[in-house]
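The values are calculated or read from the model by the stated rules, or taken from the named source; none is laboratory data. Just so it is clear, the model here is predicted, and its values are computed rather than measured. We place every Cβ from the backbone using ideal geometry, glycine too, and count neighbours over all the protein chains shown. Surface accessibility is based on the protein's heavy atoms, side chains included, excluding ligands, DNA and RNA. Shrake-Rupley method; radii C 1.70, N 1.55, O 1.52, S 1.80 Å.
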Amino acid sequence: MIQRGMCRCKGGKQPMKHEHEHQHEHGHEHHHNHTKGRILTVRANSGLSGDMLMTGLLKMITSEDSLLDNILSAVMPELQGTVKIIKKQVNGIYGWHAKVNLPHQHEHRTLSDIMAIINASAMSDKGRALAIETFTLLAKAEGSVHGKSADEIHFHEVGALDSILDICVVCELFADIAPDRFVVSPLPIADGSVHCAHGIIPVPAPAVLEMLEGIPVRSFKGCGETVTPTAISLLKSLKAEFGLWPDMTVDKKALVYGTKIFENAPNGAIFASGKCL
């Protein structure tokens, strides 16, 4: 699985519309009817990161890269072309993987800085609101860990740009899918440590531990980081429920890999969407 390790502490535009958005608008009266609605599920075999969520949600909508490029350019023009969704083989099994190449920036961004970027973007209203909620949760968790307010937390250099990319794209894709239910498996948590700007720290990373309250977890026999702060803050803002595979008819599915591969353990995450039974 994981993941570009995360221990890291322009005038207004019209919201973007995706080419299939009319499908949601015409079918909106069926949302919130759980007997006939849509389900999105994520089975986090070896954990989750922001880029894994981005890859999996994109595959629930389209196999084309054009939608991803449209969202990236809507968030921040300099992000266009920074992500390619490629096939990756692990233990002889192919899945999907986000290959990210971010420009290097020497900027430290506060929560206010990031909110200004999101508010000035061409994201949809719903995607923008979800992204702001996610960053607020993340900043509050980091602040609690470091004894600071959310407004005092700085997202550093590439980490800030990485977080903006993952969170904004995931929120925009989720707003587009608009599932009636979002069901995630209990999160796998391992022992071990992770290297970050503060040195070597135990996992779960402090910000993840801060956000674990109320979240079902299970043991994982791998060693190291399995769930990133970006991922868990997204799960919370997207109002995930946790449990077994839901009763559904699958019409979209994807196996998604992160960067880290665990030996002798199930790797990656399964994404599936479909109709409630």
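I'd like to know if the stretch 53-67 contains one or more residues that are among the charged types (D, E, K, R), exposed (fewer than 15 other Cβ atoms within 10 Å of the Cβ), more than 24 Å from VAL208 (Cβ to Cβ) and modelled with pLDDT of 95 or more. Steps first, answer last, please.
As a first pass, look at the stretch 53-67 and keep what is among the charged types (D, E, K, R): 59, 64-65.
Then keep just the ones that are exposed (fewer than 15 other Cβ atoms within 10 Å of the Cβ); that gives 64-65.
Narrowing the set further to residues that are more than 24 Å from VAL208 (Cβ to Cβ) leaves 64-65.
Applying the additional criterion that residues be modelled with pLDDT of 95 or more yields none.
No, there is no match, as no residue in the stretch 53-67 is among the charged types (D, E, K, R), exposed (fewer than 15 other Cβ atoms within 10 Å of the Cβ), more than 24 Å from VAL208 (Cβ to Cβ) and modelled with pLDDT of 95 or more.
Of all residues in the stretch 239-277, which are over 23 Å from CYS223 (Cβ atoms), open to solvent by 80 Å² or more (accessible area, probe 1.4 Å) and outside any strand (DSSP E or B)?
LYS239, LEU244, TRP245, ASP247, LEU277
Consider only pairs whose beta carbons are under 8 Å apart and that are at least six residues apart or on different chains; among these, list those whose first residue lies in the stretch 123-144 and is closer than 19 Å to ALA175 by Cα and whose second residue is open to solvent by 50 Å² or more (accessible area, probe 1.4 Å) and of a type in the set (S, T, N, Q).
What qualifies is ARG128/ASN119; ILE132/ASN119.
Find the residue count for the stretch 114-129, including only residues that are surrounded by fewer than 16 Cβ atoms within 10 Å (Cβ to Cβ) and either touching a His at 6+ places or on another chain (Cβ under 9 Å) or farther than 25 Å from GLU152 by Cβ (or both). Don't jump to the end; show me each part of the working.
Filtering the stretch 114-129 down to residues surrounded by fewer than 16 Cβ atoms within 10 Å (Cβ to Cβ) leaves 116, 119-120, 125-126, 129.
Next, only the ones that are either touching a His at 6+ places or on another chain (Cβ under 9 Å) or farther than 25 Å from GLU152 by Cβ (or both) stay: 125-126.
Matching residues across the stretch 114-129 total 2.
Considering only residues that are buried (at least 22 other Cβ atoms within 10 Å of the Cβ) and assigned to a loop (DSSP other than H, G, I, E, B), which ones fall in the stretch 195-211?
If the condition is that a residue be buried (at least 22 other Cβ atoms within 10 Å of the Cβ) and assigned to a loop (DSSP other than H, G, I, E, B), then PRO204, ALA205 are the ones that fit.
Report the residue count in the stretch 81-106 for those that are open to solvent by 60 Å² or more (accessible area, probe 1.4 Å) and among the polar types (S, T, N, Q).
Matching residues across the stretch 81-106 total 3.
Out of GLY192, GLY214, I need the residue that is open to solvent by 20 Å² or more (accessible area, probe 1.4 Å), within 30 Å of GLY147 (Cα to Cα) and within 20 Å of the chain's Cα centre (by Cα). Which one?
Numbers: GLY192 fails: within 20 Å of the chain's Cα centre (by Cα).
The unique qualifying residue is GLY214.
Cβ-Cβ under 6 Å, sequence separation 6+ or interchain: first residue in the stretch 191-219 and farther than 22 Å from LEU234 by Cβ, partner open to solvent by less than 60 Å² (accessible area, probe 1.4 Å) and among the basic types (Lys, Arg). Which pairs?
If the second residue must be open to solvent by less than 60 Å² (accessible area, probe 1.4 Å) and among the basic types (Lys, Arg), no pairs are left.
With the checklist (1) buried (at least 17 other Cβ atoms within 10 Å of the Cβ); (2) closer than 16 Å to PRO103 by Cβ in hand, flag the one item GLU78 doesn't pass.
(1)
Which residue out of LYS140, LYS236 is within 27 Å of SER273 (Cα to Cα), open to solvent by 60 Å² or more (accessible area, probe 1.4 Å) and touching a helix residue (DSSP H, G or I) at 6+ places or on another chain (Cβ under 9 Å)? Write out each step before concluding.
Numbers: LYS140 fails: within 27 Å of SER273 (Cα to Cα).
Unique residue meeting the criteria: LYS236.
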